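The values are calculated or read from the model by the stated rules, or taken from the named source; none is laboratory data. Since the model is a prediction, treat every value here as computed from it, not as a measurement. Cβ atoms come from the backbone with ideal geometry, glycine included; neighbour counts cover every protein chain shown. Areas reflect the complete protein model, heavy atoms only, side chains present, ligands, DNA and RNA absent. Shrake-Rupley method; radii C 1.70, N 1.55, O 1.52, S 1.80 Å.
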Amino acid sequence: MRILVFTALWFAGHALALGADTGNAYPTQAAALAERFVGMLKPQLKQAIADGGPTHAIAVCADIAPAIADALSDESGWSVKRVSLKSRNASRAIPDAWEQEVLLDFDRQQAAGVAAAELHAEEVVNGQYRYMQAQIVEPLCLVCHGEALGSDVQETLQEYYPDDWATGYSLGEVRGAISISRNL
Ligand code: HEC
């Protein structure tokens with residue numbers, strides 16, 4: 001009898017903890033990680049452009065962006081990455097089936113006028129908690145993701161990313177998303 005009660009209590013506690021994690025803590029943690037990614041990358045991108053122009057910034061970004069994703073993943077125990085329907089980094093940014101659906105949905109919502117900050121999604125998929133936050137094209141982004149790229153920018157992109165699809169964007173479009181997940 002006592003064992004039964006203990007077992008029941010353990011399950012109740014466990015369910016509560018899981019509920020708390022998936023219901024409250026996980027979305028907050030995932031959103032915080034997405035914010036930190038942007039907070040770490042954007043100032044370095046701007047600094048690199050100021051220091052040596054866009055071509056220098058491409059070289060810096062090629063090192064720093066994957067390093068930030070890996071550092072945040074190692075530190076948090078979550079998987080932290082960036083994905084896009086038109087990827088630049090062919091080895092890291094190609095979306096899986098769930099990410100692709102969410103990105104298509106972000107595009108639809110963006111076209112329907114939903115505010116950039118609202119473009120996030122979360123779902124439990126195959127035993128994983130998954131979260132995505134859209135990244136919207138701002139004036140700064142157009143230098144390397146826009147329609148009219150400088151020839152030096154095109155050359156540098158070709159050198160670093162021969163399979164680059166991530167150009168031709170205009171202001172306000174969804175460039176991609178930060179995708180964050182962890183096993184439940
Ligand atoms: C100086 C050039 C440059 C600027 C400016 C720039 N990017 Fe990028 N972007 C890159 C490079 C280079 C990569 C590939 C980095 C990597 O290897 O992970 C990239 C990759 C990305 C990715 C990851 C998905 C993919 O396609 O590989 C997203 C999302 C992204 N950029 C969004 C933005 C947004 C939003 C802005 C504006 C706030 C921006 N970028 C500004 C050069 C730039």
### Subset of the stretch 75-121 [of a type in the set (A, V, I, L, M, F, W, C) and within 14 Å of the ligand (Cβ to nearest atom)]
Val80, Val83, Leu85, Ala90, Ala93, Ile94, Val102, Leu103, Phe106, Ala116, Ala117, Leu119
### Task
Please enumerate the residues belonging to the stretch 151-171 that are within 20 Å of Gly52 (Cα to Cα) and open to solvent by 30 Å² or more (accessible area, probe 1.4 Å).
Ser151, Asp152, Gln154, Glu155, Gln158, Glu159, Tyr160, Tyr161
### Task
Quick one: which residue in Val125, Val137 is within 11 Å of the ligand (Cβ to nearest atom) and open to solvent by less than 50 Å² (accessible area, probe 1.4 Å)?
Val137
### Query
Among Val153, Val137, Val143, which is the only one that is modelled with pLDDT of 95 or more and touching a His at 6+ places or on another chain (Cβ under 8 Å)?
Val137
### Query
Would you say Thr22 is under 20 Å from the mean Cα position of the chain (by Cα), at pLDDT below 95 and over 23 Å from Gln158 (Cα atoms)?
yes
## Note on the structure
Residues in the stretch 140-184 that are small (Gly, Ala, Ser) and either farther than 21 Å from Val60 by Cα or more than 11 Å from the ligand (Cβ to nearest atom) (or both) total 7
### Query
Taking the stretch 82-108, which residues are over 23 Å from Thr156 (Cα atoms) and crowded, with 19+ Cβ neighbours inside 10 Å?
Pro95, Glu99, Val102, Leu103, Phe106
### One residue from Ala117, Ala112 being more than 11 Å from Gly176 (Cβ to Cβ) and modelled with pLDDT under 95
Ala117
### Task
Could you name every one of the helices (runs of 4 or more DSSP H) located completely within the stretch 58-167 that has at least 1 residues being in contact (Cβ under 8 Å) with a residue 60 or more places away in the chain and touching a strand residue (DSSP E or B) at 6+ places or on another chain (Cβ under 8 Å)?
97-111
